Amino acid sequence: MQQEQTKAKRGLMQRLMHSQGGNVALMGAAIVVPVTLMVGSGIDFSRYYVIKSRMQMACDAGALAGRKIMGKTSFSSDALAEANKFFDANFISGSYGSENLQRVYTENDGIVEGEATVKMDTSILALAQIDEMNIAVECNGKLDIANTDVTFVLDTTGSMDTIDSGSTSRMFGLRQAVKDFATTMEDAKSERTVIRYGFVPYASNVKVGHLLRREWLSDSNTIQSREAVKNGSWSNLGGTDSGWQRVSGSANGPTTKNNVSSCSASNATRTDYPTTTNTVTNADESQTTTTFESYRLNGTERSCTITQNSPRRYRRVQTVYTNAVYNRTTTSTVRENYSWRYYPRTYDLTTLKGDNAGIAVPGSTQTFHVGNLSGGIPTNRTVSWNGCIEEARTSQITNFANLPSPLYDLDINHVPTADNDTRWKMQIPGLVFGRGKFVTPVPPHSYNQSGDFIVPEPSLRTDEYYNAEDAGMATCTNPARALTSMSPAEVGGYVDGLQAKGGTYHDIGMIWGGRLASPNGIFGASNTAAASAGLTRHVIFMTDGSTSPTDVTLTAYGIEPLDQRRMGYWDYRNRQPAITMADQRLQLVCDQIKNENITLWVVAFGTDVLNSASTKQNLEDCATPGKYFEAANNTQLRAQFVQIASQIAELRLVR
């Protein structure tokens, strides 16, 4: 039939060319042919490109579907069937006048390769003896992720020790979930793919000191502490008395005679020398006063006792002194008592951050006179730096629509300068003494017009309050880890060391997660150097609880109701204002991370957080749209982490 139509078209052309009907007919025929070919060929080529584009889409869909089913195994019949199914769903045989569809999928070194061909009969081009056109497409589906940075911000607070099911804790589930994630990513990568991992375990603080340069840390810190002051009362510590001792001359006697008839009075003469005293201060701050007395005796010292009245008789005892000198030394030791004055005290901590010219390394210890009272005086306390920090200067935010300045702590790209306010501080729990709910609020930190810190008027107290370190109110988490290439085994080794402790402060974890992941800021140089075409950046934030500030916990912002760096005084009986403040600051940080073109994944874990509508909403708002997940138990948590890894390690076409 097709051949007959073609012959008919050719016959028409031949008759027109040989017609003797006149020049007009001949000229008309000459014009009609090229115009017809020119206009009509557009119809045939339009069909050609439609068919080819639809076939290419179908071929691509089939290659990706087959590769996904294939996984890490061989290209099975199931994978082939899936590839054909997706092709057929996107291109129906015979579409747009095509015929003789052929499609083939094979696998070569992990790449699913596809080919498809059809024939298309022409309409107008047949006038130029082009009766049909062959259309062919090729496609390749590959499971191969681009270079990827993944920073985990992990809630490692005390609630992660909660038993999830059976005998395993939530922390166990988290460890397994991160390992599953790393394994999924490893299975998807090629030999040339670089995957870097960073970790920020957080509670009320983060341990990042070992990642910071020495000049980014302040030499001093003003913290809630105490100072011993003498209160005017004294304690008697006792003394000594040598007694009178003859040091020169003679003292004959005493001699005793009985039945003497007379007994005259003593005629011994005593000469006293000047008494001397000397007071010295001892190493233990006590004062010892020494008194020295001396005298000299000459003559006879006599005493008589009547032994008989008639006739009267005496018993006489006498001593004869010749230049006999006697000395006596007495001592008395007393110590003035102390009371504690509690206030924000500034300490020079220079030696604690070591002398390394590059990355800060905890240095030697320092000793301060803040130990507990012993016998009325303070003892020494030796402290060191554990690597946890306190944030650079911030401001209280009363209107989140109109942010104050400075807010160095909320800037994930903040780089400290020579200005001490811009630097992070070393947290030293051994020097921190809190009062919390037991004390009338103290004035907040304030600064004068020159920017100098003004110490509030201190209060004198005779009783002691808790030390943050001794009372277990200072949690320093596992060390954070900057982005670096890690194998699944290395990832597993790191997460197996995570410990659950402390309270929940989401914002401090997210701040440092953003700092580790950002292509700018303090890690900008290394993150930019590691960047390559197609590099993707991700932050994965997992928590099992709501923000949980307390009035006695030492945080990255000090003891909050006392230091009042982020908000004014708040009563421990109503924590909601502090919770709201921290959650709002979290959103500011989440927005910064997303603005750096970093995908922010959030996983709400456990019934505690899932039963709180406000917490769920806060976490969902933090996430990149569509990147919020929920997991009620360990099984679901592992599944969600694998799901996130699968989305990051998405299938892609290669040409």
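Worth pointing out:
- Selection within region 99-123 - farther than 15 Å from VAL137 by Cα and among the hydrophobic types (A, V, I, L, M, F, W, C): ILE111
- Pairs with Cβ under 9 Å, 6+ apart, first in region 176-189 and open to solvent by 50 Å² or more (accessible area, probe 1.4 Å), second at pLDDT below 90 and of a type in the set (Lys, Arg): ASP187/LYS72
- Assessment of region 325-340 against the conditions (free of Cβ contacts under 8 Å to residues at least 40 places away in the same chain and at negative phi) yields no matching residue.
- Any hit, region 157-164, residues being part of a helix (DSSP H, G or I) and open to solvent by less than 10 Å² (accessible area, probe 1.4 Å): yes
- Selection from region 409-420 of residues that are open to solvent by 20 Å² or more (accessible area, probe 1.4 Å) and either out of contact with any strand residue (DSSP E or B) (no Cβ under 9 Å at 6 or more places or on another chain) or under 13 Å from VAL208 (Cβ atoms) (or both): ASP411, ASN413, VAL415, THR417, ALA418, ASP419
- Among the residues of region 310-366, those identified as within 16 Å of LEU431 (Cα to Cα) and of a type in the set (Val, Ile, Thr) are THR346, THR350, THR351, THR365.
- Residue within region 632-653 that is closer than 30 Å to ASP60 by Cα, basic (Lys, Arg) and either touching a strand residue (DSSP E or B) at 6+ places or on another chain (Cβ under 9 Å) or crowded, with 20+ Cβ neighbours inside 10 Å (or both) present: yes
- Filtered residues of region 369-379 (kept if in contact (Cβ under 8 Å) with a residue 60 or more places away in the chain and touching a strand residue (DSSP E or B) at 6+ places or on another chain (Cβ under 6 Å)): HIS369, VAL370, GLY376, ILE377, PRO378
- 3 or more residues open to solvent by 10 Å² or more (accessible area, probe 1.4 Å): qualifying helices (runs of 4 or more DSSP H) within region 477-581: 488-496, 524-529
- LEU101, sole failed condition from (1) in a helix (DSSP H, G or I); (2) at pLDDT 85 or above: (1)
- Residue among ILE51, ILE43, ILE69 that alone is out of contact with any Leu (no Cβ under 7 Å at 6 or more places or on another chain), in contact (Cβ under 8 Å) with a residue 60 or more places away in the chain and either open to solvent by 70 Å² or more (accessible area, probe 1.4 Å) or part of a loop (DSSP other than H, G, I, E, B) (or both): ILE43
- Once region 582-604 is narrowed to residues that are touching a residue at least 40 places away in the same chain (Cβ under 8 Å) and open to solvent by 60 Å² or more (accessible area, probe 1.4 Å), the residue that is farthest from LEU407 (Cα to Cα) is ASN597.
- When residues of region 135-155 are limited to those that are of a type in the set (S, T, N, Q) and assigned to a strand (DSSP E or B), the one nearest to GLY114 (Cα to Cα): ASN140
- Exactly one residue among PHE91, PHE86 is out of contact with any Lys or Arg (no Cβ under 7 Å at 6 or more places or on another chain) and either of a type in the set (Phe, Trp, Tyr) or without any contact (Cβ under 8 Å) to a residue 24 or more places away in the chain (or both), and that residue is PHE86.
- Filter result (assigned to a strand (DSSP E or B) and not hydrophobic (A, V, I, L, M, F, W, C)) within region 410-435: LYS425, GLY434
- Candidate set from region 135-156 (those that are touching a residue at least 24 places away in the same chain (Cβ under 8 Å) and small (Gly, Ala, Ser)); member that is least open to solvent (accessible area, probe 1.4 Å): GLY141
- Test: residue in region 192-199 that is open to solvent by 30 Å² or more (accessible area, probe 1.4 Å) and at pLDDT below 95: yes
- Screening region 351-375 for residues that are assigned to a strand (DSSP E or B) and touching an Asp or Glu at 6+ places or on another chain (Cβ under 9 Å) and picking the one that is farthest from PHE433 (Cα to Cα) gives GLN366.
The values are calculated or read from the model by the stated rules, or taken from the named source; none is laboratory data. Computed from a predicted model, the values in this text were never measured in an experiment. So basically every Cβ, Gly included, is an ideal-geometry build from the backbone, and we count neighbours across all protein chains shown. The area values use the complete protein model at the heavy-atom level, side chains included, leaving out ligands, DNA and RNA. Shrake-Rupley method; radii C 1.70, N 1.55, O 1.52, S 1.80 Å.
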